[in-house]
Each structure stands twice: as C-alpha cells, then as structure tokens.
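The values are calculated or read from the model by the stated rules, or taken from the named source; none is laboratory data. These numbers were taken from a predicted model, which means no experiment stands behind them. No Cβ is skipped: glycine too gets one built from the backbone with ideal geometry, and neighbour counts run over all protein chains shown. All accessible areas refer to the heavy atoms of the entire protein, side chains included, with ligands and DNA or RNA removed. Shrake-Rupley method; radii C 1.70, N 1.55, O 1.52, S 1.80 Å.
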Amino acid sequence: MGRPNSIGPPRILICVAGWVMGWGIAMRPEILNPLFAETEALKGVGASLSKPLTKLGLTRVVDLLFHLPTGLVERVPVEGLKMSDAGRTIIIELTPVDYKSGRSPRGPIRVHATDKGGDYVSLVYFGGNAGWVRKLLPLDEPKLISGKLESYGQELQIVHPDHVLALDEAASLPMREAVYPLSDGLTGKRMRQLAGMALERAPNLPEWIEPSLKAQRGWADWHDAIQAAHADPRDERARARLAYDEIFANQLALMLVRASSRKRRGRAIAGDGRLRDQLRLPYALTGAQRRVIGEIEGDLAQHVPMTRLVQGDVGSGKTMVALHALLAAVEAGFQGALLAPTEILARQHFATISAQVAGLPVNVAILTGRDKGRVRESTLMGLADGSIDILIGTHAIFQEAVSYKALGLVIVDEQHRFGVAQRMMLQAKAELPPHLLVMTATPIPRTLTLTHYGEMDVSRIDEMPPGRQTIRTSVMAHDRIPAVVDGLARHLSNGGQAYWVCPLVEENETSDRAAAEARFAALKARFGDRVGLVHGRMKGPEKDAVMDRFQRGEVAVLVATTVIEVGVDVPNATLIVIEEADRFGLAQLHQLRGRVGRGGGESNCLLIRSDAPLSETARARLALMRESNDGFRIAEEDLRLRGGGEVLGTRQSGEAGFRLANPDQVSALIQSATDDARLLVDRDGGLAGERGQAARVALYLFERDSAVSLLRSG
Ligand code: ADP
Ligand code: MG
C-alpha cells in the first residue's frame, strides 16, 4: 500500500540531509549522552546479543528505555501442585527425585520433582546440557522453583523454570516481573537486565511540560515516569506522560518549522485575474471551491510564504482549485509547479490543465523521470529562462538540475509522503521560498492532520459539485464473479465504462501483475479489444497509451492494479469492481471507489470478498464501505479498526515516528500538546528560557533535532 504514492527519490533525501548539515547540527545536550551510547557499550552485551537487539531496533540505550514492557508476570506462591493452577506462574518448593533423558539424545531433559505432599511435576529443559541440569537441580535437594505450570495430558510440567533458587534465597525472587517484546536469541531475563541497565543510566531531565498541565494530570517527573512504566505496564499515568513528551516534541518541531518559515520573506503574489477571467469552465465553481481559492489568494498576497493543506474528498474538484492558484501565480509573473505522485496522474493533470488553458497565453510543460535527452533539455531551458509558466510532473521536477527562473508556487497533489522534512527542504531551497500548497483527498482524521501537518493552515473543500449521485456499493462473494461479468456485459452494452481492480497480493508487484494479467486474459476472451490492462510494471508509454484509450472510450474495461488509486478522472466510467476487497485498507478502498461517481450518472462499486473466511475487522470494514460515502467518517473508522493503521499509506505511527504514543494517546493528548508547543514557540521562539532549554532536551530525546537547527538560522 502506498506504493503508488511513494516519493522515493533519494535525491530529495540527500538534499534534506545536506540542508540539515548545511545549517550545522546543533549539539545534543550533554545530559542525554548516556542515553545515546550504543547498547553494546553496556556491560555483558556482546556480539551474540547484537543480532536480536538490532532486529528489535534496540541499538542504543535510549531504544532500550523506549522499549516498554507489554505485560507482567505475577508469581503466585503455592504449597502444593494443583491441576487447577495450570496456566499460572507459581513459586513452589520442589525436590528433584529423578532424571529422565528422552529417547533421542536431542529430546528434552526431564527432571521429576515432588512437592511437599509427594505430587509430581516434570521440569523440562529443551536443548539443555544434562550436566548443567544435574548441577542446577541435584537430586533430593529441595529448591524454590518458579515457572509457568502447564498440564500435559494428565501430568503437570514446567518448561524452563524461570528461577531455581536455594530455599534461603526466597526474598530475592520478585513477585512481579515485566514482560518485554522479545526476539529469537533474547530471553526475558536478559531483556530485563538490559532494561535495568538502561534505567540506571536514565538521568533526571529538566521539566518541559507546562507546570499547570503537569499538576492537573498528576504526572511524575520524566525520570520517575520512565522507571514506573518499566516496573508496571499497567501504570497508565506514567505511560501517558511519556506519550505526551513524545507528541509534544513532535508538535514543537512542527511549530518551529512554522515559526521559521513565517520569518522568511517570500514573494507576494497578487494576480490581477486576467487569465482566470478567461477560463471557460463547463460548470460553476462550488461555494467550497470558491472559498478555498479565496483563502489561497489571501495567503499568496502575503510576503510570508504560504504553507496550506487543502483537504477535499475524492471528486470534490481539487484540480480546479490548483489551476486557479497556478494561474494567479502566472498572472503575477511567477512560475508554478504541480507535483503529482505518479506518472499517470501527472499526465492526466497535464492533459486537463493544458486543455483548460488552451488559447490563453500560458505555457504548460510536463517533466517526469521518463523525459530524457532533447525534450528534457528544452524543458529545463524553458524553466530557467522563464518561458514555461506552469510545470507539471513527478518528483523529477525537484531534481537538482532543475532550476526555475521565478518559482512562486508549488502544489503537491496527493503526496502523502511529502513529509515535514521535504517541506522544510522546499522552504529552504530557494533564495525566496515559494508558496506551498499540499492537496490531499485522503480524508485525514484530525489527530493525524495535527501530527503530520500541524504547522500548516488547513482548508477544507467540504462540498461536492452538484448533481453527483451517491455511489451504490455492494459486497459479493467470490463465487459471484461470473454473475458480475454478466453484469459488466450489460453495463458495456449500455455504453458504460468500468474499472476492474485486481487484488493486491502481499505487496508483491510480480504476483499483483500475475493476478491482473489472468483477469485481463479472462475478460479479453469475452469482450475482446475493449479490455485494457495497466499495472505498475508496465513501461510508461505503454501505460499512457492504455490510459489514453480509456479516456477516449476506446477501452471500455480497464483492468488495473492499484496504480489507478489516486486521482484518475474518467467521468464516463461508472462501475468499479474490486476483487478481494477485504485485502485493501478502508482509505484505499474509498480512494478506489472515488474513481467512479464523477459524471452525472449513477455509479456502482462492487466489492468482491476473498475466497477465504473473513476476520471480524474485514467484515466490519466492508460493511462500513457499503454504508458510507463519507471519506472522513471512513478515515476515522479506519484508524479505530486498525488501531492506528495506514491511513496515510504508511504505518500511522511510523510516519510521525511515534514509538511510545499509541493512537488512543495521540487522540487524547494531541490538542494540548499542540497548543502548548505553539504557546511556547510564540513566547520563546528561540527556546532560550528555562522551559525552552528543557524543551530542547525533549527535541533531542525524541530525535526531532533537525528542528533545533531552525532556531539558529531563525
Ligand atoms: P479531486 O478533488 O478528486 O482531485 P477532480 O479535481 O479530479 O477531483 O474533479 C473531479 C471531477 O469533478 C472532474 O471531472 C471535474 O471536472 C469535476 N468538477 C470539478 N469542479 C466541479 C464543479 N464545480 N462542478 C461540476 N464538476 C466539477
Ligand atoms: Mg485530484
């Protein structure tokens, strides 16, 4: 998922890195140094542990600190063995009475032991060494043993007792112990030791939380909170504080980006309307479109560069809003650039926009990774000498070789991965930073909007163009496919067009393609040349040719993988079939469904279930799709059903980089963290005061330090 949106140009990342380095990476506060030491610097951590630790991402002490336990073992001291205690972790006095090695030398070693009443239990060691076991558990010597009691047929056993102690060592055995997520080669005991060592290194940190908030929530100091969270995973209050810290650091970084970009002078763009007035649209703009265009014009007219997010559900008409903004820039003598996530979408925008401005003195060009040689050279020249007014393309438009004479406005369409780093880069790249508009149809729940775009102003296109019919969505079993194909035949004979979306098979392009090709062949056998195929592996020109034929109506059924997910606009296509719909995320289904319902006619979306039993969640998702056409409701629900899923095409928490805060905590705490961060930056933009200094520590602790460099430049 998200593959089609991936921005992926290493160039951009390098630019960002270079840019960050350019400002100089400010120094991490010394107090944090012990936490940023390598895990291997801890006592007893050698090569054998480094593999499992790396696998869990625990390469530094701070990673261990943030690797919080997920459960708790509670030991129950018992006098005698009881079948009814099976499943519990018990502490019991046992006396080994007999060793039994298995039939095969590789089998487990079993030690028979009895409790005080003479009842038996087997202590089982897999892969153990007999000599070691005999030494640990000498016959006839009572020991205090802790472990999880299990029933094995009629017998009781304890596999790998977690503690074997002499009777006088009882006091050293904790009644409760934290349970950590582990990986092969890392035992719970070792993990607890490592966490213990990391905790010993945890310093007392200065307080960055606003005092009244801290008091109101009853939160402890950071040091106590981290200790408490490791000691008992049920300590919600300690965890909430740690989650807040992380969210606060994220929001603070965004607010610093905002403050720094507000300080930069941009170019004020005041278009006189002479181009926009000549647009001949076949419809009137909706009120929402007009309002949002107005908001954008207001921003453009300022010297402060705009950073605005436009949210509008699929089909709400964002392209027209983009065109108005671009033309305003051109009227004022500037260039505008429109970045699309995929080649297909870039070509479509190019076609739409070129057609709209035909006859106007506006020169529109396209640049994608595919353009090479002479064509590319002349485009680059046109950009440099200013003869190109509007450039549309994929991320190629930001490559280093591309320089603009007077870039005034950048619009980023449907690019979920255009993260804060890229936005910072863009603001920093030009001498005078361009205005920035980000457009998204992924209806982002409010909490995500704040965590990802907290520094941006938000406009919503909350009204659909008139005359849109709602899309009728039905869910069908896999064995109904022949009937669906018959339905498709009727649809085509009435002059309709359709999409047929093939399942996403384990994020694997090759098998995606195989599925799509098989379906293509089957439909082609019935409908002949009216069937077209697009998938991600096709060569660009091939893809274009098929899309063009679909747009012109020569192809009536477009078989596709999710490459058509975003933006594609063919109003005459009023039927979409989505195979194995349960494999897709809700937000993605909503995007796909948004390919239809674009013209005046009634549209249908058929969601075909996989041939396997569905999970509760999958069932709930499909039911919601059937019930609702409201992208925002679907997005909120998606977030809830997945417990923080992939609304943005990446792991929800991954994108913002949250390690401690879970989605519920984010929802609960984001608003106060945002307000607090904004207030702090308003009052103490340089983070020079006492709380400001503490807040810097938080930025470094959560590795939002690139934001700190903004303080210096500011
Ligand atoms: P999205 O917001 O998903 O990018 P598009 O910009 O692709 O939506 O617009 C979807 C369709 O709606 C297009 O066919 C476009 O021509 C049409 N459209 C846009 N604005 C209006 C309007 N005000 N009235 C009627 N149709 C419109
Ligand atoms: Mg669009």
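Brief remarks follow.
- With respect to the conditions (1) touching a residue at least 60 places away in the same chain (Cβ under 8 Å); (2) assigned to a helix (DSSP H, G or I); (3) under 18 Å from residue 159 (Cβ atoms), residue 133 lacks only one, and its number is (1).
- Hits in segment 518-556 (condition: of a type in the set (Gly, Ala, Ser), more than 21 Å from residue 370 (Cα to Cα) and not in a helix (DSSP H, G or I)): 532, 553, 556
- Restricting segment 296-318 to residues that are surrounded by 24 or more Cβ atoms within 10 Å (Cβ to Cβ), more than 14 Å from ligand 2 (Cβ to nearest atom) and modelled with pLDDT under 95, the residue that is nearest to residue 547 (Cα to Cα) is 306.
- Residues of segment 341-359 satisfying the condition of being more than 13 Å from ligand 1 (Cβ to nearest atom) and either free of Cβ contacts under 8 Å to residues at least 12 places away in the same chain or open to solvent by 30 Å² or more (accessible area, probe 1.4 Å) (or both): 343, 347, 350, 354, 358, 359
- Those strands (runs of 3 or more DSSP E) of segment 40-119 in which 3 or more residues are farther than 20 Å from residue 183 by Cα and among the β-branched types (Val, Ile, Thr) occupy 89-101, 109-114.
- Listed conditions (1) part of a loop (DSSP other than H, G, I, E, B); (2) buried (at least 17 other Cβ atoms within 10 Å of the Cβ) are all met by residue 431, apart from (2).
- Exactly one residue out of 293, 366 is modelled with pLDDT of 95 or more and within 12 Å of ligand 1 (Cβ to nearest atom): that is 293.
A quick yes/no check of all residues on (1) of a type in the set (Gly, Ala, Ser); (2) crowded, with 19+ Cβ neighbours inside 10 Å:
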site	(1), (2)
160	no, no
165	no, no
173	no, no
178	yes, yes
199	no, no
208	no, yes
223	no, no
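- Check on residue 611, part of a loop (DSSP other than H, G, I, E, B), within 16 Å of ligand 1 (Cβ to nearest atom), in contact (Cβ under 8 Å) with a residue 12 or more places away in the chain and among the acidic types (Asp, Glu): no
- Restricting attention to segment 531-588, the residues being within 16 Å of ligand 1 (Cβ to nearest atom), free of Cβ contacts under 8 Å to residues at least 24 places away in the same chain and either buried (at least 24 other Cβ atoms within 10 Å of the Cβ) or within 30 Å of the chain's Cα centre (by Cα) (or both) number 0.
- Flag for residue 337 being touching a residue at least 60 places away in the same chain (Cβ under 8 Å), open to solvent by 20 Å² or more (accessible area, probe 1.4 Å), hydrophobic (A, V, I, L, M, F, W, C) and within 21 Å of residue 306 (Cβ to Cβ): no
- Hits in segment 327-349 - residues which are assigned to a helix (DSSP H, G or I) and away from ligand 2 (no atom under 14 Å from the Cβ): 327, 328, 329, 330, 331, 343
- So residue 321, is it buried (at least 19 other Cβ atoms within 10 Å of the Cβ), modelled with pLDDT of 95 or more and either in a helix (DSSP H, G or I) or small (Gly, Ala, Ser) (or both): yes
- Qualifying position, being of a type in the set (D, E, K, R), touching a Ser or Thr at 6+ places or on another chain (Cβ under 8 Å), more than 16 Å from ligand 2 (Cβ to nearest atom) and part of a helix (DSSP H, G or I), among 258, 290: 258
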